[in-house]
1. Quick one: 3J(HN,Hα) in Hz for region 7-24, Karplus 6.51/-1.76/1.60 with θ = phi - 60°, rounded, Gly and Pro as x.
2. Along the charge dipole of region 16-76, pointing to its positive end and built from +1/-1 on Cβ of Lys, Arg, Asp and Glu, which listed residue (Thr59, Val70, Thr16) has its Cα farthest out?
3. Take every Cα pair under 8 Å in region 145-227 that's 6+ residues apart, average their separations, divide by the length, and report that relative contact order as a whole percent.
4. How big is the accessible area of His45 in square angstrom, nearest 10, if you roll a 1.4 angstrom probe over the protein chains?
5. Considering only protein heavy atoms and a 1.4 Å probe, what is the carbon-and-sulfur percentage of the accessible area of the chain?
6. By how many nm would the segment from Asp20 to Thr121 lengthen if fully extended, with 0.36 nm per residue of separation less the alpha-carbon distance?
7. Counting helices only, and only those DSSP H runs with n ≥ 4, report the 222 nm mean residue ellipticity of the chain as the sum of -39,500 (n - 2.57) divided by its residues, in deg cm²/dmol to the nearest 500.
8. Using Cα centres only, tell me the gap between region 6-39 and region 143-207 in whole Å.
Amino acid sequence: MITITQIVGTSLSNLTVDEDTFVSQSQLGFEMFAYDGADWSALSHPGAVDLADYGITFTGTPATDDVIGVSQTQIFSAGKGINCIKLNQNFADLQTKSNTNETQINNIATNSLKKDGSNVTQSVVDAFNTVTPVVLTNQSGTITLQDNTQYYISLSGDAVLDTMPIVAPDGISHTITAVIQCNNYSFDMSVIHGTLGSVISIDTTKDYQVMFIYNKIDGYWYYSIGQ
């Protein structure tokens, strides 16, 4: 809706304005026009203007200092929001669009890992439990092991276990496993604090297994050996 009125003076009557012409010309939604005795000027436009360019017509002869005001009024309808097509030319098109953000949020909620683990599948468990061992071939001399790692070690000479990994205080377990192919060579593990059981006699012509376990109570590494 658009309104036009003479704000100053009484010389004019039958004032009308074409809304489309006015909106396309002013681009403001409102405007004031003043008459200086010779020309009309617009509040937002320097110099003289032709009221016909704004779709304005009237009856009568303007007097000096006459002022015309034009304003566009938006109509509000309860429950329907703003009833003004020009507020959004694409409103009808927007009504048909889907909310991709909502879809993505729903996908995340469905597919993400829940904190209680209720949607963890066996394939996920298997993936977490999969460990790729470290293969060390033709080893001799000093051997360094990393925390929480599995090893396959073949010796090409006598070997000595280096200092064990330093463990920071935390809530997880710390174990290292190794399968040793000794080929009649020795693997010195004297750096370890002690064993978890009696030491069995090892046949150095066959493979044997060692498990290193960190004891959080006394802060030392221990080992268990079997064949």
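The values are calculated or read from the model by the stated rules, or taken from the named source; none is laboratory data. Being a predicted model, the structure only gives us computed values, none of them experimental. Neighbour counts are summed over all protein chains in view; Cβ atoms, including those assigned to glycine, are modelled from backbone coordinates with ideal geometry. The protein model used for the area step is the full one, side chains on, heavy atoms only, and it has no ligands, DNA or RNA in it. Shrake-Rupley method; radii C 1.70, N 1.55, O 1.52, S 1.80 Å.
1. Working through the residues one at a time gives 7, 10, x, 9, 7, 10, 8, 6, 6, 9, 8, 7, 4, 4, 5, 5, 5, 5 Hz.
2. Val70
3. Taking the mean separation of contacting Cα pairs over the length of region 145-227, I get 30 percent.
4. 80
5. The value for the chain is 52 percent carbon and sulfur by accessible area.
6. Extra length available between Asp20 and Thr121 comes to 30.1 nm.
7. About -4000 deg cm²/dmol.
8. With region 6-39 and region 143-207 each reduced to a Cα centre, they are spaced 95 Å.
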